[in-house]
């Protein structure tokens, strides 16, 4: 009996180590075939997404009125960003709360498009407020403003946040 | 040999520290010139591959469509962007497109290091897609300089590919050179042990596996490979009937790690095989207290009473068999309910629940949901490559379905917006256009006048014409004097000399003023022309602004019909395909799960039968053991 049990145990152990454990009704070819079809539909939907993106740009944000604002963190900043609020000409246009993943993406150098809207040509005031915690644990609450000149092309405002400051640059 | 091959397949898939790091791009360029690329990376760093690829495709399309792409802000990063396409597609499990993108990069005019890194990625795709020959062909194309950051990973991948192609000796040569690489610590030694084992160098192979089983590290991945090494080594020693050493090796596995249950079971069997049943009781007694759904625990529920039986404690053995029987019966019922629940679609509904995706142990937590199947039994299945790929595909399809549905709503909103814009602008525009045409003709007239004045003034710089700059009053006075002279000399009579002199004097004064003041007047005329030009420039700006706004007004509702219809049709078609594929993929997942649970149920049913016989046997033995004592007691009484 002991031999039988050992064989049984070893069989199970080996079975547990094996990675491919699947139903016999489902063959590898079936999995592969379906996977290829899924890849195809992903490609189709990505192409639709690109077209819709273009459509949205021209329909909702034509370049002569478009203003886009981008948030990034200064290189190496490790403070905890909790939220960002943006006022355009004194009116709040967006208020964003950050998840852990989003904050990590910003720390790695990613750039978040936080707001896209429409304004007339001329000068506009952009006010940015951010809240968070410094590396030392103190509360951060900073506000800065900038005058943005909107011309015929899209206005792009880059907002760089650091523990000590907010800086703006037009692109 | 077959068993070893099966084992090897499993090990190769697991013994890789870099598999989790799917993307090569882990940080943004230090000086980011293109904010839109930064946005792409923002999504990629969150592993939102669809968003990242969609945006990057748009960026690259726009870049390649430019007349002078070198002036585009993406230009300094085009190498990263081209590389990222394949990388992100790979992460999004679009291996075919990723393969094409990377092949295009390889065949393009790129630096040697970038090319070799791209081939490395391509080889990795083939390796992951279980295409050993293609993987080998790809990796053999690497020639020349290789980026330092991937050198060790490349060598390790090469060894894995060689092993997958059965070239264990070649793999062992490479792996020997990687044993001291810190990032591969444990993994290289483990694979080296397997490679040597496969070429018949059993002793040396086991030595390397033993070495991997003794590494010191805090890294969870390295601790896992350490445990796994000990488990494999223990199994080999058990097979070689070196029971004492096998037990020592099994006991090196952590008590709380993912391999602890199997190690405890193995440790017990190592002791039992050496007829040391009392030693086997320790690990098996720990094990039977653990989660009953685990296979090793179920084995221990059979093994523990068996050990007690061997030690002659039949009563305890019978009780433990009884408890195992109850547990197996309960589990068989639970499995039956789970299979039923899967058939009713509860499994698929639970898989796509949003709140579960926030937690890395969400698969296990499925079991806590009402009406969800017992997923603990599915952990092995769920850890398998095929199931994982199928599950990810199912979740991706669900994401696509939601996107497509939301886009349909977006298109409805777009159409409504366009209709409202049309209703607002169409009645207004004819009147605006009429007024604009009038203003336009007046403007053209004034601009022609301005051009004439400018030409005349420029000509006066060469040929002075003071008379052109006479004031209106001077012109009137001059005309009056002409008229007076004409009147006085009418009828042939000579005008009185006094009057004639007066007229000449006045004409002289007029002439004097015009000629002496000419320079000042010319300067003033140019000043006025300059001021006029500024006004004209402002007028031109207003004109251009109006034209743009007028065009924008029409463009805000004209020309979208075909595009929206086309996209709507594509969305409908894609949604149908996605739903069909989801049904098929879901059915496949259900089949895999049901089959796995059915196999487990079958196994437990066999255990149930064995337990019944073993329990009966234990009761008999216990009763027989009691008989002499009972007789003795009876004799004593008599």
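The values are calculated or read from the model by the stated rules, or taken from the named source; none is laboratory data. None of the values given here were measured: they were computed from a predicted structure. No Cβ is skipped: glycine too gets one built from the backbone with ideal geometry, and neighbour counts run over all protein chains shown.
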Checklist (1) at pLDDT below 80; (2) assigned to a helix (DSSP H, G or I) applied to residue B:22, failing item: (2)
Take the residues of region B:46-61 that are without any contact (Cβ under 8 Å) to a residue 12 or more places away in the chain and in a helix (DSSP H, G or I): which is surrounded by the fewest Cβ atoms within 10 Å (Cβ to Cβ)? B:61
Please verify whether residue B:243 is surrounded by 15 or more Cβ atoms within 10 Å (Cβ to Cβ) and under 23 Å from residue B:159 (Cβ atoms), treating the condition exactly as stated. no
Can you name the helices (runs of 4 or more DSSP H) wholly within region B:237-326 that have at least 3 residues being closer than 27 Å to residue B:616 by Cα and within 12 Å of chain A (Cβ to nearest Cβ)? B:260-273, B:277-288, B:295-310
Within region B:27-45, the residues that are under 15 Å from residue B:60 (Cα atoms) and touching a strand residue (DSSP E or B) at 6+ places or on another chain (Cβ under 7 Å) are B:35, B:38, B:39
Exactly one condition in (1) closer than 27 Å to residue B:568 by Cβ; (2) out of contact with any strand residue (DSSP E or B) (no Cβ under 8 Å at 6 or more places or on another chain); (3) surrounded by fewer than 20 Cβ atoms within 10 Å (Cβ to Cβ) is not met by residue A:28; state its number. (1)
Check region B:612-620 and report whether any residue there is under 42 Å from the mean Cα position of the chain (by Cα) and more than 9 Å from every other protein chain (Cβ to nearest Cβ). no
Which residue out of B:86, B:79 is within 14 Å of another protein chain (Cβ to nearest Cβ), assigned to a helix (DSSP H, G or I), within 26 Å of residue B:141 (Cβ to Cβ) and modelled with pLDDT under 90? B:86
Return yes or no: is residue A:50 part of a helix (DSSP H, G or I), more than 30 Å from residue B:577 (Cβ to Cβ) and in contact with a helix residue (DSSP H, G or I) (Cβ under 6 Å, 6 or more places away or on another chain)? no
Here are A:6, A:31, A:12: which of them is at pLDDT 50 or above, facing another protein chain (nearest Cβ under 7 Å), more than 30 Å from residue A:103 (Cβ to Cβ) and in contact with a helix residue (DSSP H, G or I) (Cβ under 8 Å, 6 or more places away or on another chain)? A:31
Looking at (1) surrounded by 14 or more Cβ atoms within 10 Å (Cβ to Cβ); (2) modelled with pLDDT under 90; (3) part of a helix (DSSP H, G or I), which is the one condition that is false for residue B:372? (3)
Residue among A:61, A:96, A:115 that is within 13 Å of chain B (Cβ to nearest Cβ), surrounded by fewer than 19 Cβ atoms within 10 Å (Cβ to Cβ) and at pLDDT 95 or above: A:96
Criterion: within 14 Å of chain B (Cβ to nearest Cβ) and more than 21 Å from residue A:76 (Cβ to Cβ) - qualifying residue of A:152, A:146: A:152
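If we scan region B:138-145, do we find a residue that is part of a helix (DSSP H, G or I) and more than 17 Å from residue B:171 (Cα to Cα)?
So far as region B:138-145 goes, no, none of its residues is part of a helix (DSSP H, G or I) and more than 17 Å from residue B:171 (Cα to Cα).
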Unmet requirement for residue A:121, which otherwise passes all of (1) under 28 Å from residue B:47 (Cα atoms); (2) within 14 Å of chain B (Cβ to nearest Cβ): (1)
Scan region B:568-596 and report the pairs whose first residue is free of Cβ contacts under 8 Å to residues at least 40 places away in the same chain and within 9 Å of chain A (Cβ to nearest Cβ) and whose second residue is outside any helix (DSSP H, G or I) and crowded, with 21+ Cβ neighbours inside 10 Å, with Cβ atoms within less than 6 Å and a gap of 6+ or a chain change. B:591/A:23; B:595/A:23
Would you tally the residues in region B:500-533 being over 60 Å from the mean Cα position of the chain (by Cα) and in contact (Cβ under 8 Å) with a residue 60 or more places away in the chain? 4
